[in-house]
Number of protein chains: 2
Amino acid sequence: MLVYIAGSGAMGCRFGYQISKTGNDVILLDNWEEHIKSIQENGLKITGDVEETVKLPIMKPTEATKEADLIILFTKAMQLPQMLQDIKGIIGSETKVLCLLNGLGHEEVIRQYIPEHNILMGVTVWTAGLEGPGHAHLQGVGALNLQSMDPENQEAGRQVADMLTEAKLFATYDENVLPNIWRKACVNGTMNSTCALLDCTIGELFASEDGPKMVKEIIHEFVIVGEAEGVSLNEEEIVKYVFDTSVKAAHHYPSMHQDLVQNHRLTEIDFINGAVNTKGAKLGIDTPYCRLITQLVHAKEEILKIK
Amino acid sequence: MLVYIAGSGAMGCRFGYQISKTGNDVILLDNWEEHIKSIQENGLKITGDVEETVKLPIMKPTEATKEADLIILFTKAMQLPQMLQDIKGIIGSETKVLCLLNGLGHEEVIRQYIPEHNILMGVTVWTAGLEGPGHAHLQGVGALNLQSMDPENQEAGRQVADMLTEAKLFATYDENVLPNIWRKACVNGTMNSTCALLDCTIGELFASEDGPKMVKEIIHEFVIVGEAEGVSLNEEEIVKYVFDTSVKAAHHYPSMHQDLVQNHRLTEIDFINGAVNTKGAKLGIDTPYCRLITQLVHAKEEILKIK
């Protein structure tokens, strides 16, 4: 099949690279000029668990013309509507769209551009880093879960899962993927925003006396809102998952720290804690921790003049 | 009368200096060695609206022996119990104690050391800066309100107010000082903690889209807890007062920013937002904004290894 990676940052490069090793065609899409130029001139450089440079086509989203069999969405959350707008030309009646973005509520955006029976929602624990234009650093293993949004169209999801597993991305078709998406959002909603605000590593947050208290209150808000939306969430299991993740990732600064503190870029807060607060408000559920965290992050974006 | 200043930082120096210009005797108490040494050797240097160096006795709290007529408490909030312990020897049956600390709940601490009829609670809008050991910078004007905690003993409070007014500190005897203490706590609870967390000036906080939203939610929590404690608070008036203050102080970093960010010192958060959360918990009132802010500030203190 012809697979586009819509948003070829670190994770997009990992997926594009691994899928290109199968019999499928891959085209990377991105808007970062230097990244495009570097990959067009020198290929995509991979370091980490393997060291290799591969030739892969890359272009701007608006330049793509061949109809896609599969589009994997890997943009930053706030770039999603523009990306969907830009790739209209490659979306046919049978084009499947797999969303692997962090955060909550993306299906509502995607539905405006893609018919429900072609939408696949997923969540992945793969990681990747970008060392510079055209250079991805890939270490460790991961997996992903995905589901067709239309329960009548499971077959499409299972085919995509098989293809991704062939690419050693280890995809599982998941008849109930939403709890997994929410669980990952809990990881992001507890560590990303707080470590960005406190300018600390995940380990420093969890080692402090008050860090775990905040984390538990945030998870509680995610759970009551998710449950009210009909997503079945096990609070105790999520707390354990988040704390286990914090141990594995103790020495890392989460991605929102990289965005806000290190690179002075806009954050995805509106799609994590902000999404819970917005959903909560609609459902009549107060989520003050998520709201205050969202307000603090937005205020910091303004203070740093990136908003 | 013999007046001790218990805690001779910037504000203590202002009060000690101005009272020493009246017919009363002043003794400064402090624990900062270099500050004591500098004032003992060279006198207290005053710059700003006046330029002068005055001889004033200064010693450690434990070294004071002469019974006090009045003790003005000007420590950092968390140093208050130790100070009261250290000055036991100068507290006689008629010694009045005036508390001018920032924050809430100090009367409960003071009551453990001083009989109710000798306690005066106050709040001041005077400001002062310390340029270094033995050097206070005094600019602008201010005033203070104070009240006897024992309503049967107003006379003691009125005498102290008269003496302070004679010292041009412009004290008013206030038959209901608690609303003023809470109003000042609202200023501190909205600007100090948030500007410390966001590393910004008061003006930057209030200029951001979300800053004023946070400020209003924090004030609301102070008001509902204060009201539940029997303090009559006008939320609308307090919001206006806080916003007016933010305009006047726009270019300043508040004192908690100086403590946490600039000097890596412990903050007074437990006596401001933390006090509201503790009081709220006892009253069955949830104050998530105050609680999360307190948790974030404490986490930051730990991350900076100052806790």
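Listed conditions (1) in contact (Cβ under 8 Å) with a residue 24 or more places away in the chain; (2) closer than 21 Å to residue A:165 by Cβ are all met by residue A:65, apart from (2).
Residues that are farther than 12 Å from residue A:19 by Cβ and in contact with a helix residue (DSSP H, G or I) (Cβ under 7 Å, 6 or more places away or on another chain) within segment A:157-188 comprise A:172, A:173, A:174, A:182, A:183, A:185, A:186, A:187, listed in sequence order.
Among the residues of segment A:281-304 satisfying the criterion of being more than 14 Å from chain B (Cβ to nearest Cβ) and part of a helix (DSSP H, G or I), which is surrounded by the fewest Cβ atoms within 10 Å (Cβ to Cβ)?
Top of the filtered list is A:282.
For segment B:264-280, indicate whether the set of residues that are away from chain A (no Cβ under 14 Å) and in contact with an Asp or Glu (Cβ under 7 Å, 6 or more places away or on another chain) is non-empty. Taking every residue of segment B:264-280 in turn, at least one turns out to be away from chain A (no Cβ under 14 Å) and in contact with an Asp or Glu (Cβ under 7 Å, 6 or more places away or on another chain).
A single entry from B:53, B:47 fulfils the requirement of being assigned to a strand (DSSP E or B), in the same structural domain as residue B:160 (by the TED database) and either without any contact (Cβ under 8 Å) to a residue 24 or more places away in the chain or not β-branched (Val, Ile, Thr) (or both): B:53. Is it true that residue A:219 is within 30 Å of residue B:296 (Cβ to Cβ), part of a helix (DSSP H, G or I) and either of a type outside the set (A, V, I, L, M, F, W, C) or out of contact with any Lys or Arg (no Cβ under 8 Å at 6 or more places or on another chain) (or both)? Criteria met by residue A:219. Inspect segment A:108-115 for any residue being touching a residue at least 12 places away in the same chain (Cβ under 8 Å), of a type in the set (Ser, Thr, Tyr), touching a helix residue (DSSP H, G or I) at 6+ places or on another chain (Cβ under 6 Å) and assigned by the TED database to the domain that holds residue A:28 and give the result as yes or no. Looking for residues that are touching a residue at least 12 places away in the same chain (Cβ under 8 Å), of a type in the set (Ser, Thr, Tyr), touching a helix residue (DSSP H, G or I) at 6+ places or on another chain (Cβ under 6 Å) and assigned by the TED database to the domain that holds residue A:28, one finds at least one in segment A:108-115, hence yes.
Applying the criterion of at least 2 residues that are touching a Phe, Trp or Tyr at 6+ places or on another chain (Cβ under 9 Å) and either among the charged types (D, E, K, R) or away from chain B (no Cβ under 14 Å) (or both) to the helices (runs of 4 or more DSSP H) found wholly in segment A:134-212 leaves A:154-166, A:178-187.
In segment A:218-250, the residue that is farthest from residue A:279 (Cα to Cα) out of those that are surrounded by fewer than 20 Cβ atoms within 10 Å (Cβ to Cβ) and of a type in the set (Asp, Glu) is A:244. Among all positions in segment B:124-145, there is at least one residue which is more than 25 Å from residue B:244 (Cβ to Cβ) and surrounded by 21 or more Cβ atoms within 10 Å (Cβ to Cβ).
Can you name the residue in segment B:182-217 that is among the β-branched types (Val, Ile, Thr) and under 29 Å from residue B:50 (Cβ atoms) and, of all such residues, is surrounded by the most Cβ atoms within 10 Å (Cβ to Cβ)? Can you show your working first?
Of the residues in segment B:182-217, the ones among the β-branched types (Val, Ile, Thr) are B:187, B:190, B:194, B:201-202, B:215.
Within this subset, residues satisfying the condition of being under 29 Å from residue B:50 (Cβ atoms) are B:187, B:201-202.
Values: B:187: 23, B:201: 20, B:202: 25.
The selected residue is B:202.
Any residue in segment A:227-242 that is touching a residue at least 60 places away in the same chain (Cβ under 8 Å), in a helix (DSSP H, G or I) and out of contact with any strand residue (DSSP E or B) (no Cβ under 8 Å at 6 or more places or on another chain)? Looking through segment A:227-242, none of the residues is touching a residue at least 60 places away in the same chain (Cβ under 8 Å), in a helix (DSSP H, G or I) and out of contact with any strand residue (DSSP E or B) (no Cβ under 8 Å at 6 or more places or on another chain).
The values are calculated or read from the model by the stated rules, or taken from the named source; none is laboratory data. For clarity, every value in this text was computed on a predicted model and none was experimentally measured. Ideal geometry is used to build each Cβ from the backbone, glycine not excepted, and the neighbour counts take in all protein chains shown.
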